[in-house]
Amino acid sequence: MADTDWSYLNDGLDIATVDRGVTADIARPPGGGNFLFAFNSLAAVSGSVALFANLVNFAPMQKGGSIRGVLQRGPGGGPTGFSPFLFLCCQGNSVRDSAYLLGLSDDDPHRIVLRKGAVTVGLPAADGPGALLKSAASFAQATWLHLRLDVIVNTNGDVVLKVFQNDVTLHPLGTPPDWQPVSGMTEFIDDHLGINSGSHPLTSERGGFGFSVKDVTRRAYFDDIELFRQT
């Protein structure tokens, strides 16, 4: 997807607070191309920056989909105070809206976490509010993780959430990924009665990626973002 295929969600931190953009200065994941997308916080301010796909039939999508991407919590001013994530079913065009978020928790070491809640909160501690699933394994900073979130809307209104991981060291970008379930993150059904998650499921709207931050000189990197619609 090209730069012009993405737009920023409203109410995010401005570029004077969090710089962002495409760069060739950071080492890419195995098989990566010439550039990646980076965020770098310039002030100790809490909030987030997130981009959504603005293509026809994607803004919004009529029902669920699948998003994949390679993420890293980059070294910087400290090991906590930030989290990168992918998201699906964002319920509006603001970071204040709710979505399903999959990414790397604000922990040291961090875990892969699936959360339901406001985009601007990102992924706090692995056991933080709204967390639905977390990985059994934990990871150090500067680790590239290739993740996939499927949001499948069933005809009865239930939403099935599935999380997968590709070992990018064994199956680098540019080769077919080997998607495997993430240990500790079994399938989650967000039922149409709102029992399992405590609120009604999210069944449509926007998908993309973002960065939540609380402190200065926190950095996150993304590569190979892919987004698919459920048909």
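The values are calculated or read from the model by the stated rules, or taken from the named source; none is laboratory data. Quick caveat, the model's predicted, so the values are computed rather than measured. Neighbour counts run over all protein chains shown; Cβ positions are idealised from the backbone, glycine included. SASA here: full protein model, heavy atoms, side chains in, ligands and nucleic acids out. Shrake-Rupley method; radii C 1.70, N 1.55, O 1.52, S 1.80 Å.
In segment 187-207 there is at least one residue that is free of Cβ contacts under 8 Å to residues at least 24 places away in the same chain, in contact with a His (Cβ under 9 Å, 6 or more places away or on another chain) and open to solvent by less than 20 Å² (accessible area, probe 1.4 Å).
Using the structure shown, decide if ARG96 is within 18 Å of ASN166 (Cα to Cα) and touching a residue at least 12 places away in the same chain (Cβ under 8 Å). No, not satisfied. Residues in segment 187-226 that are part of a strand (DSSP E or B) and among the polar types (S, T, N, Q): SER212 only.
Sort out which residues of segment 117-142 are in a loop (DSSP other than H, G, I, E, B) and crowded, with 17+ Cβ neighbours inside 10 Å, and write them in order of number. Answer for segment 117-142, where residues must be in a loop (DSSP other than H, G, I, E, B) and crowded, with 17+ Cβ neighbours inside 10 Å: GLY122, LEU123, PRO124, ALA126, GLY128, GLY130, SER135, GLN141. Of the strands (runs of 3 or more DSSP E) lying entirely inside segment 1-90, those containing at least 1 residues that are β-branched (Val, Ile, Thr) and open to solvent by 20 Å² or more (accessible area, probe 1.4 Å) are 18-23.
Residues in segment 216-231 that are within 23 Å of VAL56 (Cα to Cα), open to solvent by 70 Å² or more (accessible area, probe 1.4 Å) and either within 16 Å of the chain's Cα centre (by Cα) or in contact (Cβ under 8 Å) with a residue 12 or more places away in the chain (or both): PHE228, ARG229. Among residues of segment 93-116 being part of a loop (DSSP other than H, G, I, E, B) and open to solvent by less than 20 Å² (accessible area, probe 1.4 Å), the one that is nearest to THR203 (Cα to Cα) is VAL95.
Per this entry, GLY184 is not counted among residues that are within 30 Å of LEU42 (Cβ to Cβ) and either part of a strand (DSSP E or B) or of a type outside the set (Lys, Arg) (or both). When THR217, THR169, THR186, THR175 are checked against the criterion of being at pLDDT below 95 and not aromatic (Phe, Trp, Tyr), a single residue qualifies: THR186.
All of (1) in contact with a strand residue (DSSP E or B) (Cβ under 8 Å, 6 or more places away or on another chain); (2) at positive phi; (3) at pLDDT 95 or above hold for GLY31 with one exception: (1).
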